[in-house]
Amino acid sequence: MTTHAHPTNDTNDTNDTNDTSHTNQTSPQTPEHDRPAGTRVAVVTGGSRGIGRAVAQKLAQDGLAVVVNYARDASAADETVTAITEAGGRAVAVQADVAEEKEIAALFDRAEEEFGGVDVVVNAAGRMTLSPIADLDLAALDAMHRTNIRGTFVVAQQAARRLRTGGSFIGFSTSVVGTQFPTYGAYAASKGAVEAMTLILARELRGRDITVNTVAPGPTATDLFLDGKTPEQIDRLAKTPPLERLGTPDDIAAVVAFLGSPAGHWVNGQILRANGGMI
């Protein structure tokens with residue numbers, strides 16, 4: 001069995017508690033897409049490495065202040081923040097486990113305290129375990145589902161409570177939900193849950209002028225993807241899409257930035273497969 005865990009949000013098992021103190025924290029202020037770009041604020045979970053880092057940097061380039069969330073790798077998060085600030089952007093790093101309700105509530109608190117509110121939430125944190133279904137260690141299944149399903153739900157819940165009028169929530173799935181590759185059964189199941197809640201949340205936020213979408217990348221050249229694969233496997237996957245290459249973190253970041261921008265605001269409740277035509 002090969003196990004890969006997203007380094008951007010490796011989780012630990014702790015008791016979960018309920019915190020309803022932010023249930024009605026919404027803002028009737030000027031719609032986000034009508035505000036000057038400099039006042040917009042993004043929270044990016046799993047923002048210290050890989051696709052999450054590329055997303056954080058792209059949003060900062062587009063003028064958003066960015067809260068870079070990480071689970072354990074503080075140095076990687078600091079590197080992301082430094083890259084943003086040295087380029088003239090605004091960013092802070094905040095540690096939180098996406099599956100812990102109180103920690104994510106505190107993450108949003110920090111965003112509001114530091115920058116005044118939240119307009120875009122990108123849940124790029126995740127965990128991937130590859131194994132045939134018959135051989136999968138159920139402890140690995142529980143850990144993966146804790147991050148990918150519960151984590152997405154907890155972040156989406158806070159986003160639904162906190163996003164300002166005109167904002168956007170962007171989740172992450174995978175194109176493997178469509179390709180159905182062997183050994184991806186448990187991972188695809190966890191990401192299928194993310195897809196299932198996307199349109200539901202978009203409909204629940206009717207009247208708030210908030211969009212909810214999910215990006216489903218194909219093979220993307222990150223450490224997570226490359227780890228444990230032979231050059232032959234990587235080459236074969238790179239040739240699968242008609243564009244005949246792997247995606248890059250910047251490819252995915254551009255899609256996310258579009259969905260979080262005024263130009264992408266008419267797209268709502270959708271699963272966007274960014275995979276070069278793989279499926």
In this structure, does VAL267 turn out to be of a type in the set (Val, Ile, Thr), under 26 Å from ALA193 (Cβ atoms) and open to solvent by less than 30 Å² (accessible area, probe 1.4 Å)? no
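If we scan segment 231-241, do we find a residue that is outside any helix (DSSP H, G or I) and either aliphatic (A, V, I, L, M) or open to solvent by less than 90 Å² (accessible area, probe 1.4 Å) (or both)?
Taking every residue of segment 231-241 in turn, at least one turns out to be outside any helix (DSSP H, G or I) and either aliphatic (A, V, I, L, M) or open to solvent by less than 90 Å² (accessible area, probe 1.4 Å) (or both).
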So how many residues does segment 94-106 have that are closer than 14 Å to ARG161 by Cα and crowded, with 23+ Cβ neighbours inside 10 Å? 1
Given the structure, is PHE181 buried (at least 19 other Cβ atoms within 10 Å of the Cβ) and either of a type in the set (Phe, Trp, Tyr) or at positive phi (or both)? no
Going through segment 38-57 in order, the residues found to be in a helix (DSSP H, G or I) and farther than 23 Å from ASN148 by Cβ are GLY38, THR39, GLN57
What residue, among those in segment 110-128 that are over 18 Å from the mean Cα position of the chain (by Cα) and touching a residue at least 24 places away in the same chain (Cβ under 8 Å), is nearest to GLY167 (Cα to Cα)? GLY117
If you take the residues in segment 242-259 that are open to solvent by less than 60 Å² (accessible area, probe 1.4 Å) and out of contact with any helix residue (DSSP H, G or I) (no Cβ under 7 Å at 6 or more places or on another chain), which one is nearest to PHE169 (Cα to Cα)? LEU259
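Of all residues in segment 192-235, how many are basic (Lys, Arg) and closer than 21 Å to PHE258 by Cβ?
1
Do we find a residue being touching a strand residue (DSSP E or B) at 6+ places or on another chain (Cβ under 8 Å) and either closer than 19 Å to ALA125 by Cα or among the β-branched types (Val, Ile, Thr) (or both) anywhere in segment 222-232?
Checked segment 222-232: at least one residue is touching a strand residue (DSSP E or B) at 6+ places or on another chain (Cβ under 8 Å) and either closer than 19 Å to ALA125 by Cα or among the β-branched types (Val, Ile, Thr) (or both).
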Taking the criterion of being closer than 25 Å to MET197 by Cα and in contact with a helix residue (DSSP H, G or I) (Cβ under 7 Å, 6 or more places away or on another chain), would at least one residue in segment 75-82 satisfy it? no
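Any idea which of THR198, THR183, THR214 is in a loop (DSSP other than H, G, I, E, B) and either out of contact with any Pro (no Cβ under 8 Å at 6 or more places or on another chain) or of a type in the set (Val, Ile, Thr) (or both)?
Matching residue, one of THR198, THR183, THR214: THR183.
The values are calculated or read from the model by the stated rules, or taken from the named source; none is laboratory data. Since this is a predicted model, take the numbers as computed values, not measurements. Note that each Cβ is placed from the backbone with ideal geometry, even for glycine, and that neighbours are counted across all protein chains shown. With ligands, DNA and RNA removed, areas are computed over all heavy atoms of the protein, side chains included. Shrake-Rupley method; radii C 1.70, N 1.55, O 1.52, S 1.80 Å.
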